[in-house]
1. Heavy atoms only, probe 1.4 angstrom, no DNA, RNA or ligands counted: give me 180, 15 ranked by accessible area, highest first.
2. Enter the accessible area of residue 65 (Å², nearest 10), with the probe set to 1.4 Å and all protein chains included.
3. With a 10 Å cut-off between alpha carbons and a GNM built on the chain, which of 100, 199, 134 moves the most?
4. Against the globular-protein guess of 2.2 N^0.38 Å, express the Cα radius of gyration of the range 93-223 as a ratio, rounded to two decimals.
5. Lysines near residue 79 by alpha-carbon distance under 18 Å, same-chain residues fewer than 8 away left out - which ones?
6. What distance in nm lies between label points placed 7 Å from Cα along the C-beta direction at residue 106 and residue 170?
7. Work out the FRET efficiency for residue 131 and residue 3 from their Cβ-Cβ distance, taking R0 = 45 Å, and round it to the nearest 0.05.
8. Classify the chain: rounded, prolate or oblate, from the alpha-carbon gyration tensor (a ≥ b ≥ c, eigenvalue square roots; a/c under 1.5 rounded; otherwise prolate if a/b is larger than b/c)?
Amino acid sequence: MGHISDEIRRLHGELHPSGVELVAVSKFHSADKLREAYDAGQRIFGESRVNELLEKQPLLPSDISWHFIGHLQTNKVGKLVGRVDMIESVDSLRLLDAIDAAAEARGITVNVLMQVHVAAETTKFGFLPDELLDYFTSKSFEKLKAVHICGLMAMATNTDDSRRIESDFASVAALRRRILEAAPELRGFDILSMGMSDDYHTAIACGSTHVRIGTDIFGPRDY
Ligand SMILES: *Cc1c(COP(=O)(O)O)cnc(C)c1O
């Protein structure tokens, strides 16, 4: 058995006792590599491009839980809704409304996470913490008909400064608590998806429930 299956087993052994879920980030990797991870017991896969996800899906077992983790353009929402278990990367209210409309039209419920921008980089997508707090304080989520907001997703600053990474993750966890104080009627707002290959230990220490790991499992990506 190769590196992929060894790494899946190692990560499951490390994460599952503490109840942390592993999202295997398989973007840019071929279906046979996903198959090796699947055969080692992995069931949640994260993809960041709509067409790539839709191409791989029919090549792989149907009990895979697909998470979309990339920037989603509103004109691609119709292709994705109904094909994934969770859209982790909702980064605008316009996108949220488009997902709600597409899900309602299809008579299904879509699980989403709201992406929070806490990193120092200006290029990362997501809501500012105060924008999200306003959204929940104003109870705007009550207008949603077919979307269930299950929690928050975030990326930390890309830096070697471990204190900055820790403070990014801690502020996401604090935001989740502030949102629940502002809207205690929210149900199932439980997920904190944070932590990647280089920083997942710190993310878990800050309360992450789902880590998104690509490079550690599948090796470097050929973009
Ligand atoms: C690519 C990607 C990851 C995985 O990053 P690695 O460093 O390869 O573990 C996690 N989250 C998101 C949103 C990504 O785009």
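1. Descending order: 180, 15.
2. Near enough 30 Å² of accessible area.
3. 134
4. 1.11
5. Within the straight-line cut-off, residue 79 pairs with 27, 56.
6. 4.1
7. 0.65
8. Judged from the Cα gyration tensor, the chain comes out oblate (a/c at least 1.5, b/c at or above a/b).
The values are calculated or read from the model by the stated rules, or taken from the named source; none is laboratory data. All figures in this text were calculated on a predicted structure; none of them were measured in a lab. Note that each Cβ is placed from the backbone with ideal geometry, even for glycine, and that neighbours are counted across all protein chains shown. Areas reflect the complete protein model, heavy atoms only, side chains present, ligands, DNA and RNA absent. Shrake-Rupley method; radii C 1.70, N 1.55, O 1.52, S 1.80 Å.
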